[in-house]
Amino acid sequence: MTAGMRTDGDRLLRRIGELATIGPIEGGGSCRLALTEEDRLGRDLVVAWMRDLGLDVTIDGIGNVVAVRPGRLEGPPTMTGSHIDTVRTGGRYDGNLGVLAGLEVIETLAENGVETEHPLAVAFFTDEEGSRFPPDMLGSLVYVGGLGLEEALDISGIDDAVVGDELERIGYRGVAPCPGPAPRAFVELHIEQGPVLEAEGTTIGAVTGVQGISWTEFTIEGQSNHAGTTPMHLRHDAGYAAAAIAAHVRFLALSMGDRQVATVGRLGLHPDLVNVVAGSATLTVDLRNTDEDRLVAAEQDLASFVADLASSEGVSISDRTLARFEPVDFDPRVVETVGTVADRLGHTVQSLPSGAGHDAQMLARVCPTGMIFVPSRNGISHNPAEHTDPVDLVAGCDVLLQTLLALDRADLNSEATS
Ligand code: GLV
Ligand code: MN
Ligand code: MN
């Protein structure tokens, strides 16, 4: 009987703690930007754990790592996983939970002598965060064939490093083909990274989908000049233009309401001196909405504001799309399975969409996919203060175990009906 089987929470928490010691930062989080030395060390640790469990580990051309435990039948695996790269100010749970919970599920099955029908895979995908090498979810995007390998390998990062070179350098440019084989189903456990579950007092989120993401980098060229002598009406101030865009996107999101969010997360001025009018500026805008039409409307509003601003300030403004993904709906059968399993295990559960991007949104292009959320204290993430109560982490891991077992037994060949 597998219905009463539970994962080993202490072992899961121990692994999370150990991985967090790689690239440690003040406040208890981690910095493992994609394809850095810290990322390599994190990868080496997780791959060693995969090998200790006797899994068949493959690495593909973009550095995605997939570890498979055989099932009774051959064929595509039921897959779980997430990412182990972090933002510069990462917490210890974002991504890592999903990968290490996948390992914990496999170890629990092995300990209990359970053979699944289908193979079971746990994966970690390269550069989910996209903060060093945009777009986000780069590895899973390539895995599902949404971007060609050669194009991905040529991407340069915020430090001018190149994906292909960095993969070679850290020893993770593998030989398994991209795109990779489609799993029969994919389910990812992740912290919510937002405030909803905590506010509602709910332990498990059955994630319905992921909102659309639009990232744009703007480069502004104005006229650098003396801060004391240049009359205001004669300025072509790139710093002012950057600030105006930042203020506008906040106003835009607030005035659109609903789920529209907008963020300026990077902003650089040149020459970046107290007494010099900035001659150039670079900034990024992150727009997200669960509704594609509204996201397009936000993009159009911003484009027209930027055109007017360039003309009124006498600066030139160019833009480059860093990421653009439409909203994704998960497979209702997987969403329902997560809800049913959580309920059966005695947890409170609610459905909700994801505000953050996830590898699952890419896998949803090729197989029935869903996600499981657990609460984030104060809704804080991408911050070393990110925290989820251990009891919730373990609850999520048990829901993952039972969801994977349910999907292993499910007939997923027919199309979802709703
Ligand atoms: C990835 O974590 C994102 O949502 O930006
Ligand atoms: Mn994540
Ligand atoms: Mn993240």
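Where a number appears in this text, it was derived from the coordinates with a stated rule and is not lab data. Since we're looking at a predicted model, the values are computed, not measured. Because the Cβ atoms are built from the backbone with ideal geometry, glycine has one as well, and the counts that use them run over all protein chains shown.
The table that follows gives values for the structure above.
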quantity	calculated
Within the chain, helix-based [θ] at 222 nm, where runs of 4 or more DSSP H residues each add -39,500 (n - 2.57), nearest 500	-11000 deg cm²/dmol
Cα centroid of the stretch 261-319 to Cα centroid of the stretch 199-227, whole Å	12 Å
The stretch 212-325 - Kirkwood radius from inverse mean 1/r over Cα pairs (Å)	14.5 Å
Relative contact order (%) - the stretch 200-319, alpha-carbon pairs under 8 angstrom, separation at least six	38 percent
Estimated D of the chain in µm² per second, where Rh is the Kirkwood radius over Cα pairs and Stokes-Einstein applies at 4 °C, 1.567 mPa s	58 µm²/s
Protection-proxy order for peptides 284-291, 260-267, 209-216, each taking the mean of Cβ atoms within 10 Å per residue, highest first	209-216, 284-291, 260-267
Inverse mean reciprocal Cα-Cα distance (Kirkwood Rh) of the stretch 265-397, Å	18.9 Å
Overall form of the stretch 1-158 per C-alpha gyration tensor (a/c, 1.5; a/b vs b/c)	oblate
Modelled FRET efficiency - R0 41 Å, residue 343 with residue 51, Cβ distances, 0.05 increments	0.70
Base-10 log of normalised Debye intensity for the stretch 177-248 (one unit scatterer per alpha-carbon) at q = 0.12, 0.22, 0.26 Å⁻¹	-0.69, -1.09, -1.22
Neighbour net charge for residue 3 - beta-carbon separation under 12 angstrom, K R +1, D E -1	+2
Where a label projected 7 Å from the Cα of residue 326 along Cα→Cβ would reach, residues of the stretch 121-139 with amide N under 17 Å	none
Added length on full extension, which subtracts the Cα-Cα distance from 0.36 nm per residue, residue 10 to residue 44	10.1 nm
Pair residue 246, residue 410: separation of 7 Å Cα→Cβ label points (nm)	4.4 nm
Relative contact order of the chain, pairs being alpha-carbon contacts under 8 Å that are 6 or more residues apart, as %	22 percent
Most mobile of 30, 354, 224 in a GNM of the chain (Cα contacts under 10 Å)	224
Net charge dipole size for the chain [Lys, Arg +1 and Asp, Glu -1 on Cβ; Debye, nearest 20]	360 debye
Förster-model FRET efficiency, 51 Å R0, residue 255 and residue 37, C-beta, rounded to 0.05	0.70
Restricting the stretch 35-94 to trypsin sites (Lys or Arg not before Pro) in coil, as DSSP defines it, with at most 10 other Cβ within 10 Å	72
Kyte-Doolittle mean at least -1.0 and Cα axial length at least 30 Å: DSSP H helices in the chain	292-313
Extreme residue, positive dipole direction of the stretch 114-263, given options 170, 238, 130 (C-beta unit charges)	238
Most mobile listed residue (363, 302, 234) in the chain, GNM with C-alpha springs under 10 Å	234
FRET efficiency estimate (nearest 0.05) - Cβ-Cβ, residue 219 to residue 74, R0 56 angstrom	0.60
C-alpha center-to-center spacing [the stretch 325-356, the stretch 104-127] in angstrom	21 Å
